[in-house]
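Report on one structure; see the data block that follows.
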Amino acid sequence: MKTKPLEYKLSESALKSVNNSTNEKKTFDLSKKKNAKKGNTLIMINQETSKVSYIVPIFHNNKFYAEKIPKPSSLFIGQAYEFEKRVTDILNHFPKCIDMVLQQSPESDSKINIVKDETYHTFIMYKVSTITALISAVECYINELIPESFTIENKKKEIVGKEIIERTWNLKSKLQTIIPKIKNIKNHKEYELNVNRLLELNKIRNEFTHMKTKVKENNMDPFIDYFELLINLNLKNKINETENLMNLMY
């Protein structure tokens, strides 16, 4: 998955204005930026494509390194792919990390290979990180899609704009209320199906983010159910479903 850069298209007049105000003879001292307290983000303009992007130089071993700042939603999708790869790599490594074997008797064919705890816990960490990245990708993508001029009436009969929607409306409300108003969803049935799948995934993410520890009546920790759901998740399917949802919103 190739992560896309955060870029904006400059109008012909804007590009001309930039060129007219640029002093090519003036030198720029990067050394003043390495400890800058006021920020060290730089603007980069591609004259051929008329696109503007941002770079933040990293000073390492007496050299500066940088690349275009990525588009947030694209970054999180790319992150989900990387985390899923780590999950698969660790899973394939399980046979080499067996700590002990559980079975009812030596004659029994049913047995459970207990993996070393550090390996297994890392496996779970990356699964949590994958679904967190997927939810973040959709949240960012929705915010990117909302027009600056968009307004809507909330439950209090107040007219609110993009900033309030981004900060205070939850994921469900954005998907079910905002997106249908700003995008022409061609396949509503498929869209609703993918929305429901993502909201179920979001519920698992939320349970791990706000872990509840109150014991149930059956004396089982309440988060055991969500560990079961997480461990049984097919991450490749979830990544495909999330990308399909984002494509339907395009």
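Taking the accessible area of the chain, probe 1.4 Å, and keeping the other protein chains in place, the carbon and sulfur fraction comes to 50%.
Of all the options GLY78, GLY39, GLY161, the one that moves most in a Gaussian network model of the chain with Cα springs shorter than 10 angstrom is GLY39. Put a dot 7 Å past the Cα of LYS236, heading toward its Cβ, do the same for PHE59, and the two dots end up 4.6 nm apart. When the Cα atoms of region 1-122 are aligned to their principal axes, the ranges along those axes come out at 84, 33, 21 Å in descending order. The label point for ALA66 and the one for PHE28, both projected 7 Å from the Cα toward the Cβ, are 0.6 nm apart. Listed cross-link partners LYS2/LYS96; LYS16/LYS186; LYS63/LYS116; LYS2/LYS238; LYS4/LYS155 are compared with a 30 Å cut-off, the Cα-Cα value being larger for LYS2/LYS96; LYS16/LYS186; LYS63/LYS116; LYS4/LYS155. Of (i) 6, 20, 25, 23, 16, 7, 3, 1, 0; (ii) 6, 25, 28, 17, 13, 9, 3, 0; (iii) 6, 23, 32, 18, 10, 5, 3, 2, 1, 0, which is the value of P(r) over Cα pairs in 10 Å bins from 0, in percent derived from the coordinates here? Calculated P(r) over Cα pairs in 10 Å bins from 0, in percent: the matching label is (i).
In this structure, SER13 and GLU200 have a Cβ-Cβ separation that, at R0 = 41 Å, corresponds to a calculated FRET efficiency of about 0.30. For the peptides 68-74, 125-131, the ranking by packing is 125-131, 68-74, with the highest mean count of neighbouring Cβ atoms within 10 Å listed first. Relative contact order of region 1-105, taken over Cα pairs closer than 8 Å and 6 or more residues apart, is 32 percent.
When the chain is fully extended, how far beyond the present Cα-Cα distance does VAL128 get from LYS4, taking 0.36 nm per residue of separation? Here the segment from VAL128 to LYS4 would lengthen by 42.3 nm. Taking the charge dipole of region 44-192 about its Cα centre, with +1 at Lys and Arg Cβ atoms and -1 at Asp and Glu Cβ atoms, the residue from ILE179, CYS97, TYR191 reaching farthest to the positive side is ILE179.
Summed over the residues of region 101-146 and divided among them, the accessible surface reaches 56 Å² per residue at a probe radius of 1.4 Å. When the chain is treated as a Gaussian network with alpha carbon springs shorter than 10 Å, the biggest mean-square fluctuation among ASN234, ASN143, ASN202 belongs to ASN234. Take every pair of alpha-carbon atoms less than 8 Å apart whose residues are at least six positions apart; their mean separation over the length of the chain yields a relative contact order of 16 percent. Cα centroids of region 225-250 and region 150-209: 17 Å apart.
The values are calculated or read from the model by the stated rules, or taken from the named source; none is laboratory data. These numbers come from a predicted model, not from an experiment. For neighbour counting, all protein chains shown are included, and Cβ atoms are generated from backbone atoms with ideal geometry for every residue, glycine included. All accessible areas refer to the heavy atoms of the entire protein, side chains included, with ligands and DNA or RNA removed. Shrake-Rupley method; radii C 1.70, N 1.55, O 1.52, S 1.80 Å.
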